[in-house]
Amino acid sequence: MVSEKFNVLSHDLVPEHKLLTEEEAVKVLEHLGVDRSKLPKIRKDDAAILALEQSFDENGNKVGPIKEGSVIKVVRKSKTAEEFVAYRLVIGGGEYKDRFAEKMNKWKVEGFDEGSS
């Protein structure tokens, strides 16, 4: 069984995720010359976002709930460029998961088995 205290952000294969303040986000968007809608998206129920909400910032304050529309800085380690920085826009989460659960329940009622092909 996996420990409930496992932090996905501490895994070697997961890049660093940082919630930007609104001021930092505005500066980044101006520098990139884009608005929030042009950023790649990350769902609010993504494992990295859920872990980030439980983490602490550089001042020792708990990050807490992350709102839709927030900007996340993702820093990947790269052999050629040392670091690759990307930004993600936080969008809603759970709707897909709820619809998927509904579909799975419907399939079970209709006699479909998840394991069958």
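Rule-based calculations on the coordinates, nothing more; no lab input. The structure presented is a predicted model; accordingly, all values stated were derived computationally and were not measured. We place every Cβ from the backbone using ideal geometry, glycine too, and count neighbours over all the protein chains shown.
If we count every other residue with Cβ under 10 angstrom of Val63's Cβ, Lys/Arg +1 and Asp/Glu -1, where does the sum land?
That works out to 0.
List the GluC sites (Glu not before Pro) in the range 5-99 that DSSP assigns to loop (not H, G, I, E or B) and whose Cβ has at most 16 other Cβ atoms within 10 Å. Which are they?
The qualifying sites are Glu58, Glu68.
Which ordering of His11, His17, His31 is given by a fewest-first count of other beta-carbon atoms within 10 Å?
The most exposed by this proxy come first: His31, His11, His17.
Can you sort Asp35, Asp57 so the residue with the fewest Cβ neighbours within 10 Å comes first?
Asp35, Asp57
Please list, ordered by chain and number, the residues whose modelled amide H lies under 5 Å from the amide H of Asp45; skip anything fewer than 5 residues away on the same chain.
For Asp45, the qualifying residues are Gly93, Gly94.
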